[in-house]
C-alpha cells in the first residue's frame, strides 16, 4: 500500500479520535451518556465538548476532498514522492486542526485547515501534471 493510501486510512479513522475524546464530555451531561439519542445530546454540548464534536464532524468533511485527491493522483501516476509528501503534510495538518479546534485556537485552526486544503489542491495539480 502506498504512503498516500496509508494516509487515507488514517484520515478515515481520525474523526473517531475526536468522537471518542468527546465521550467524557457527553458523560458529564445530566443522565450520563445517551446512546439512544446521541446526536441530540451532542447538539447540547458546550465548550470543549462542542469543539470535540465540531472537530469530529469537520474531520469527516475533510475526507470528502482528500480521498478523491489521493485516488486521482494515484490513478494518473502522479509523482509518488510529491504525492506522499502532500498526503503526510495533510495528515499532520488535520491532526493539528483537531487539536487547535479542541484548544479553541481559531486562527491556528484556520491555518491548519488551509494547509490541509492546499495539500488537496496540490494532489490534484500533480494529477493534472501527470496527464500532461
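Each row is one residue, and each column tells you yes or no for (1) part of a helix (DSSP H, G or I); (2) crowded, with 20+ Cβ neighbours inside 10 Å; (3) modelled with pLDDT under 95.
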residue: 34; (1), (2), (3): no, no, yes
residue: 43; (1), (2), (3): yes, no, yes
residue: 52; (1), (2), (3): yes, yes, no
residue: 65; (1), (2), (3): yes, no, no
residue: 88; (1), (2), (3): yes, no, no
residue: 112; (1), (2), (3): yes, yes, no
residue: 123; (1), (2), (3): yes, yes, no
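Go through segment 67-86 and give me each residue that's under 18 Å from residue 13 (Cα atoms) and surrounded by fewer than 19 Cβ atoms within 10 Å (Cβ to Cβ). Matches in segment 67-86: 67, 68, 71.
All of (1) outside any helix (DSSP H, G or I); (2) surrounded by 19 or more Cβ atoms within 10 Å (Cβ to Cβ) hold for residue 127 with one exception: (1). Residue 104 meets the conditions (1) surrounded by 15 or more Cβ atoms within 10 Å (Cβ to Cβ); (2) touching a helix residue (DSSP H, G or I) at 6+ places or on another chain (Cβ under 7 Å); (3) without any contact (Cβ under 8 Å) to a residue 60 or more places away in the chain; (4) more than 23 Å from residue 124 (Cα to Cα) in every case but one. The failed one is (1).
For (1) under 14 Å from the mean Cα position of the chain (by Cα); (2) more than 13 Å from residue 4 (Cα to Cα); (3) in contact (Cβ under 8 Å) with a residue 40 or more places away in the chain, each residue gets a yes or a no:
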{"site": "23", "(1), (2), (3)": "no, yes, no"}
{"site": "40", "(1), (2), (3)": "no, yes, no"}
{"site": "45", "(1), (2), (3)": "no, yes, no"}
{"site": "55", "(1), (2), (3)": "yes, yes, yes"}
{"site": "76", "(1), (2), (3)": "no, yes, yes"}
{"site": "79", "(1), (2), (3)": "no, no, yes"}
{"site": "96", "(1), (2), (3)": "yes, yes, no"}
{"site": "99", "(1), (2), (3)": "yes, yes, no"}
{"site": "116", "(1), (2), (3)": "yes, yes, yes"}
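The lone criterion from (1) in contact (Cβ under 8 Å) with a residue 12 or more places away in the chain; (2) under 26 Å from residue 74 (Cα atoms) left unmet by residue 61 is number (1).
The values are calculated or read from the model by the stated rules, or taken from the named source; none is laboratory data. Just so we're clear, the structure is a prediction, and the values are computed from it rather than from any experiment. Counting neighbours? That spans all protein chains shown, and the Cβs are built from the backbone with ideal geometry, glycine included.
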